[in-house]
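One structure is given here, and the rest of the page talks about it.
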2 protein chains.
Amino acid sequence: MSVNFIPLLSDIQEAHARIRPYIHWTPVFSSISINEILGAEFYFKCENFQKVGAFKFRGATNAVLSLSPEELAKGVGTHSSGNHAAALALAARNAGVPAYIVMPRNAPEIKKLAVAGYGGIITYCEPTLEARESTMAMVQQKTGCTFIHPYNRFQIIAGQGTAALELLDSKPGLDIIMAPVGGGGLLSGTAIAAKSIDPDIIVWAGEPENAKDAYLSMQSGSIQPAFPANTIADGLLTSLGPLTFEVIRNNVDQILLCPEPFITQAMRLIWERMKIIIEPSSAVPLGALMANPDAGWKGKKIGIILSGGNCEIKLSN
Amino acid sequence: MSVNFIPLLSDIQEAHARIRPYIHWTPVFSSISINEILGAEFYFKCENFQKVGAFKFRGATNAVLSLSPEELAKGVGTHSSGNHAAALALAARNAGVPAYIVMPRNAPEIKKLAVAGYGGIITYCEPTLEARESTMAMVQQKTGCTFIHPYNRFQIIAGQGTAALELLDSKPGLDIIMAPVGGGGLLSGTAIAAKSIDPDIIVWAGEPENAKDAYLSMQSGSIQPAFPANTIADGLLTSLGPLTFEVIRNNVDQILLCPEPFITQAMRLIWERMKIIIEPSSAVPLGALMANPDAGWKGKKIGIILSGGNCEIKLSN
């Protein structure tokens, strides 16, 4: 990829101005007890409170609003079945245009309902990547919609970077900023925003040890494919894209791995101590710190982006 | 009880000034989707984010800080095993004095740990009210501590009223304000604050249908005892006290009953849509509205105090 395709801080700032009327400027939470237990000063950017329940709404809104009027009129499409699909559906509805979402037949009912609830036009397909891509191509051909990749796209990265922009505006002077890494859209935007605002800030990512393709990509110097991974952090299963790989390679200081038990421990800590619901993927950065106590973060001011809050809840007496 | 013993708005305001350095001014959350689903405009006062995870910390702090220096030096005591015990322990620790907590041996481990974690000095007793009271009397005799009733006490009611004070400061012009009712401390403080600030505001309570002693007390005109109740809202099992009964009788417009399934439904709605953790007792007011759709609240601006967020969480893959 050419450097031209990598967003700058100014692109993130423009994205923020563009999406501001549609998004929540989410709060930053702290917990004295978490700080005491872990021995650092944590600032949690609560994207679980973002519309659609995840940071994905930032990038999706920015991508939709950045289209030309001609493109926009024909609508947008994607074949993600997770938060990006719901986010794109709402972003399109806000812009008054259709969102065509290709989903595998066996997607969880709750995700189908979310996308449909935001007005997304769903086309079901077989649960293979091949079927998803060919079905998407068919829908594009029929409708002329613009395919919005969930992370490997300039305006998606710029949009996701606005969460870090807000965090650093609310809490300047952080020593470390962290985000989880799946496809790398959030991490890329976070890294660009943070390093541009404060070149001394340390940017770390948390990745499930059971899905460490981004970690291996950094080590090997080339994008490693995602592999069938057994992790509760189901939002972090995708591989990096060429664009996010480029950004992460140049701007992220370290990817810390998080074994499964630490994901659950971190999630429990956040649920119980902060009384907020986050999805497992959001617990990975904190869990990665807990799993790596000697990585040099003790006593530091650490900003963590809690990426989302969409998870299945079972209530019982 | 003489009217002298009932707090006025000025007492609640003084309580607020007194406890302000120790408490969180908790945020007020809204959810467009909950508003759309239920057809009213809701403002949720998030006492689940209060220190100790519940509004109880307001009253406990006010009660501790209102003692004379001589009383204070000897410490405070209570035989609640729930949020009040933890709240009193932390309030006492903040004031640098001991808190003597009498707990039944079979209290949940998590509650014992919470009280001990805040520095409470625990004396265990048999799990009967008689044993609790006699053990408490013994501890008082030995230590000279002041017994702080969890709700039937002037300074507790004044302290609990500060949550409504903040809510009405943040969101003036509410049509209806609601709190759950157990012993009636929160409801009493809420009613006094709300009716004093705005005589036209409607004050409602939500009570589990399976534990409707407060409802029956209002109907019969005399305090009805709590009965062994099968409800998930385990914070609302106590009967009213003479003081809270007096306040509620004169200031609360209606107690709406909430059948068990509506408690769970309301709790799920709040967990899933607002991404915050509340305990079952906190869901009772919203559940009571859902169970009584014709009570006249549709289309209104409704403030609801979410009383706390302490509940056992089981995480699974």
- request: Of the numbered conditions (1) in contact with a strand residue (DSSP E or B) (Cβ under 6 Å, 6 or more places away or on another chain); (2) aliphatic (A, V, I, L, M); (3) under 23 Å from B:ARG268 (Cα atoms); (4) more than 10 Å from every other protein chain (Cβ to nearest Cβ), A:VAL252 fails exactly one; give the number of that condition.
  value: (3)
task: Return only the number of the condition from (1) buried (at least 21 other Cβ atoms within 10 Å of the Cβ); (2) out of contact with any Cys (no Cβ under 7 Å at 6 or more places or on another chain) that A:PRO69 does not satisfy.
output: (1)
- prompt: All but one of (1) within 14 Å of chain B (Cβ to nearest Cβ); (2) surrounded by fewer than 24 Cβ atoms within 10 Å (Cβ to Cβ); (3) at pLDDT 95 or above; (4) in contact with a Gly (Cβ under 9 Å, 6 or more places away or on another chain) hold for A:LEU257; which doesn't?
  reply: (1)
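Yes/no matrix, rows are residues, columns are (1) among the hydrophobic types (A, V, I, L, M, F, W, C); (2) surrounded by fewer than 24 Cβ atoms within 10 Å (Cβ to Cβ):
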| position | (1), (2) |
| --- | --- |
| B:GLY96 | no, yes |
| B:ALA99 | yes, no |
| B:ASN106 | no, yes |
| B:SER134 | no, yes |
| B:MET138 | yes, yes |
| B:THR143 | no, yes |
| B:SER170 | no, yes |
- request: Among the candidates A:ILE263, A:ILE313, single out the residue that is within 14 Å of chain B (Cβ to nearest Cβ), more than 19 Å from A:THR190 (Cα to Cα), under 17 Å from the mean Cα position of the chain (by Cα) and free of Cβ contacts under 8 Å to residues at least 60 places away in the same chain.
  value: A:ILE263
- request: Check segment B:235-243 and report whether any residue there is surrounded by fewer than 20 Cβ atoms within 10 Å (Cβ to Cβ), farther than 16 Å from B:LYS301 by Cα and in contact (Cβ under 8 Å) with a residue 60 or more places away in the chain.
  value: yes
statement: Over segment B:163-185, the set of residues of a type outside the set (Gly, Ala, Ser) and touching a strand residue (DSSP E or B) at 6+ places or on another chain (Cβ under 6 Å) is B:LEU167, B:LYS171, B:LEU174, B:ASP175, B:ILE176, B:ILE177, B:MET178, B:PRO180, B:VAL181
query: From the set of residues in segment A:197-233 that are closer than 15 Å to A:VAL284 by Cβ and acidic (Asp, Glu), which is surrounded by the most Cβ atoms within 10 Å (Cβ to Cβ)?
result: A:GLU207
Scan of segment B:44-62 for residues that are away from every other protein chain (no Cβ under 14 Å) and touching a His at 6+ places or on another chain (Cβ under 9 Å), ordered by number: B:LYS56, B:ARG58, B:GLY59, B:ALA60, B:ASN62
- prompt: Out of all the residues in segment B:1-50, which are more than 30 Å from A:ILE34 (Cβ to Cβ) and of a type in the set (Phe, Trp, Tyr)?
  reply: B:PHE5
One residue from A:ASP169, A:ASP198 being among the acidic types (Asp, Glu), without any contact (Cβ under 8 Å) to a residue 40 or more places away in the chain and within 23 Å of A:ARG18 (Cβ to Cβ): A:ASP169
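Okay, residues lined up against (1) modelled with pLDDT of 95 or more; (2) within 24 Å of B:HIS24 (Cβ to Cβ):
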| residue | (1), (2) |
| --- | --- |
| B:ASP169 | yes, yes |
| B:GLY184 | yes, yes |
| B:SER188 | yes, yes |
| B:ALA193 | yes, yes |
| B:SER217 | yes, no |
| B:ALA229 | no, no |
| B:GLY235 | no, yes |
statement: Filtering segment A:271-282 for residues that are facing chain B (nearest Cβ under 10 Å) and either crowded, with 24+ Cβ neighbours inside 10 Å or in contact (Cβ under 8 Å) with a residue 40 or more places away in the chain (or both) leaves a count of 8
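The values are calculated or read from the model by the stated rules, or taken from the named source; none is laboratory data. Keep in mind that what you see is a predicted model, and the values were worked out from it rather than measured. Here the Cβ is made from the backbone with ideal geometry for all residues, glycine too, and neighbour counts use every protein chain on show.
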